[in-house]
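Since the structure comes first, as structure tokens, the remarks are kept for the end.
The values are calculated or read from the model by the stated rules, or taken from the named source; none is laboratory data. Small disclaimer: the values here were computed from a predicted structure and weren't measured. Positions of Cβ are generated from backbone atoms using ideal geometry, with glycine treated the same way; all protein chains shown enter the neighbour counts.
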Amino acid sequence: MGRGDWEWYRSFETSKPFPNTLFSPSQQTIPFFTSIPNGFYPSKSINISGVVLPDAKRFHINLRCGGDIAFHLNPRFNEKVVVRNTQINNSWGPEERSLPGRMPFNRGQSFSVWILCEGHCFKVAVDGQHICEYYHRLKNLPDINTLEVAGDIQLTHVQT
Ligand code: GAL
């Protein structure tokens, strides 16, 4: 895999493709919910920026599909892991936990998460570094139309 393959997130910074930008002068309320009109499709991306609380245990970014969670991205500070999973009919599937590098989120520090939808997976970058791909388990991408962010962070910026 060439280096360029892992630099997909850079196009976000230069092309500014986000139709909905939600800025807050201070903080967004947590838990935070917003709808994503028309849901996901290949090339659709979102960006979530915030600050991890100093004593954080965990937070999560959920991409919801009705009552199900198509993509749960869950940094856990006690375990120093980023858990990824899907919940269907209130049941969690197998967790994905491996990462190529070290834990990309830190207590007390700001972060920026980009999630890019492709045909077969979501690609995730944190602070400009690709961290993982998550192969779609719920494949009806247009129905994945709600973003939820909750847990031990302050939100500073959300673009959908
Ligand atoms: C559970 C946890 C859920 C969710 C899930 C992911 O143990 O209670 O909040 O993170 O793991 O697999």
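Assorted remarks:
- Restricting the first member to segment 39-51 and to residues that are outside any strand (DSSP E or B), and the second to residues that are of a type in the set (S, T, N, Q), the beta-carbon pairs closer than 7 Å and six or more apart or on different chains are G39/N145.
- Only listed residue being of a type outside the set (D, E, K, R) and closer than 23 Å to Q154 by Cα, chosen from N90, N78, N38: N78
- Among the residues of segment 93-109, those identified as more than 13 Å from the ligand (Cβ to nearest atom), farther than 24 Å from K44 by Cα, modelled with pLDDT of 95 or more and not basic (K, R) are S98, M103, N106, G108, Q109.
- Contacts under 9 angstrom Cβ, first residue in segment 72-83 being of a type in the set (S, T, N, Q), partner more than 10 Å from the ligand (Cβ to nearest atom) and part of a loop (DSSP other than H, G, I, E, B), 6 or more apart: N78/K57
- Scanning segment 127-157 for residues that are within 12 Å of T29 (Cα to Cα) and part of a strand (DSSP E or B) returns E148, V149, A150, G151, I153, Q154, L155, T156, H157.
- Residues of segment 77-87 that turn out to be surrounded by 12 or more Cβ atoms within 10 Å (Cβ to Cβ) and away from the ligand (no atom under 11 Å from the Cβ), as a count: 2
- Among the numbered conditions (1) buried (at least 17 other Cβ atoms within 10 Å of the Cβ); (2) of a type outside the set (G, A, S); (3) under 20 Å from M103 (Cβ atoms); (4) out of contact with any helix residue (DSSP H, G or I) (no Cβ under 6 Å at 6 or more places or on another chain), the only one that T156 does not meet is (3).
- The single condition from (1) in a loop (DSSP other than H, G, I, E, B); (2) more than 14 Å from the ligand (Cβ to nearest atom); (3) over 18 Å from E148 (Cβ atoms) that L116 fails is (1).
- Scanning segment 60-71 for residues that are closer than 21 Å to R102 by Cβ and more than 10 Å from the ligand (Cβ to nearest atom) returns a single hit, I61.
- Being without any contact (Cβ under 8 Å) to a residue 60 or more places away in the chain, surrounded by fewer than 18 Cβ atoms within 10 Å (Cβ to Cβ), within 29 Å of P142 (Cβ to Cβ) and within 13 Å of the ligand (Cβ to nearest atom) is a property that N90 has.
- F18 vs. criteria surrounded by 15 or more Cβ atoms within 10 Å (Cβ to Cβ), in a loop (DSSP other than H, G, I, E, B) and at pLDDT 95 or above: no
- Residues considered: N47, N74. Of these, the only one that is away from the ligand (no atom under 13 Å from the Cβ), buried (at least 16 other Cβ atoms within 10 Å of the Cβ) and under 21 Å from A125 (Cβ atoms) is N47.
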